[in-house]
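In what follows, a single structure is set out as structure tokens and then discussed.
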Amino acid sequence: MTDLAARLLYLLAAATGRLPWRCLQALGDALAWLWRRLDARESRVARRNLELACPELDEAARAHLHRGVLRTTARQALETLVLWTRPHARNLAMLREAHGTELFDAALASGRGLIVAAPHYGNWELLNQWLAARTPLAILYKPPESRVGEAFLRRVRADDANAARVEQVPAEGSAVRRLLRVLQGGGVVGILPDQQPKGGDGVFAPFFGVQALTMTLLPRLAARTGATVLFAYCERIPAPGAAPAFALRIEAAPDGVAAEDPAEGARALNAGVERIARRDPAQYQWTYKRYKRRPPGSGEANPYRDLE
């Protein structure tokens with residue numbers, strides 16, 4: 001039953017992904033408008049995050065950014081259906097620029113192992129497909145709570161010849177051991193560095209001036225293996241016509257990301273994500289409850305509690 005439901009979801013995604021780009025953009029804009037109109041969860045969480053992370057903005061500027069965040073989020077959700085249901089080679093044509101690929105090539109050639117930190121900025125699914133076209137890699141991901149959602153996600157991320165080069169590693173159980181083996185063998189690991197970890201798997205570090213529970217896994221892997229750490233993202237750029245266009249950008253990680261001290265590593269990791277998010281804050285995933293957990297003993301309440 002799970003496989004059947006996942007197959008039906010895939011067919012629906014494929015049908016939606018075959019709509020013309022102008023239709024998909026119009027649907028995305030309508031969805032963003034509906035989120036604002038209904039004050040949906042996405043709208044409420046994004047608004048609260050912007051209040052916390054961007055206190056320097058006045059009300060009008062924050063409202064403008066809030067609209068941009070929801071529009072980008074909705075459009076990307078529909079773009080992802082396209083990326084998941086058509087050949088990767090065709091999707092990669094949306095990459096009109098590439099910057100820093102020499103850093104990637106040098107890290108591969110070194111044989112020391114490579115950790116790709118891919119923040120929730122721009123289009124990370126397109127980045128996954130670019131990476132798969134260049135090298136075998138293991139990607140750490142957080143499995144959906146739904147069995148149907150998990151089956152669907154595995155299907156769409158495996159529906160291409162290049163996808164066979166990607167090992168999807170659930171963030172649970174023996175994940176750390178598996179990632180260590182890949183890096184120690186000179187391989188490539190992809191990690192989303194801005195997901196909130198479990199309480200015992202992270203430390204608090206500033207993110208846009210607010211303490212956020214931050215993973216220590218990436219800095220620990222870098223410290224133990226000596227692997228190179230690079231930040232990578234596909235940034236949305238202007239382009240003629242309706243089809244979206246992106247620039248691939250690869251950058252060196254900030255100093256300290258491989259520090260033995262977990263707090264220092266977490267600070268450097270967040271600094272790298274923040275540097276990217278500030279390029280165009282509307283392209284960052286502000287609909288995620290990044291600040292839900294608060295530092296022990298701080299007396300701070302969950303800032304999203306009144307939004308439930």
_Percent of Cα pairs exceeding the 20 Å cut-off, where the set is the stretch 44-175_ = 58 percent
*At what distance in angstrom do the alpha carbon centres of the stretch 166-181 and the stretch 256-308 lie from each other?*
23 Å
*Round to a whole angstrom and tell me the spacing of the C-alpha centers of the stretch 29-84 and the stretch 97-162.*
25 Å
*Taking a quarter of the surface of the convex hull around the Cα atoms of the stretch 2-307, what do you get in nm²?*
16.1 nm²
_Highest mean first, how do 226-238, 171-183 rank when packing is the count of other Cβ atoms within 10 Å averaged over residues?_
226-238, 171-183
*asked:* Applying a 10 Å radius around every beta-carbon, put 215-222, 60-67, 295-302 in order of their mean neighbour count, most first.
replied: 215-222, 60-67, 295-302
_the chain, helix-only ellipticity at 222 nm - DSSP H runs n ≥ 4, -39,500 (n - 2.57), divided by all residues, nearest 500_ = -14500 deg cm²/dmol
*If you take the Cα atoms of the stretch 168-308, find Rg, then find the Kirkwood Rh from the mean of 1/r over all pairs, what is Rg/Rh?*
0.99
*Write down the Kirkwood hydrodynamic radius of the stretch 241-308, to one decimal in angstroms, obtained as one divided by the mean of 1/r over all alpha carbon pairs.*
15.1 Å
*Name the GluC sites (Glu not before Pro) in the stretch 63-161 that are in a loop by DSSP and that have at most 12 other C-beta atoms within 10 Å, would you?*
145
*Out of the stretch 254-292, which trypsin sites (Lys or Arg not before Pro) are coil in DSSP terms and have no more than 16 other C-beta atoms within 10 Å?*
278, 279, 289, 292
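No lab work stands behind these numbers, since they all come straight from the coordinates. On a predicted model such as this, the values are computed, not experimentally measured, just so you know. Ideal geometry is used to build each Cβ from the backbone, glycine not excepted, and the neighbour counts take in all protein chains shown.
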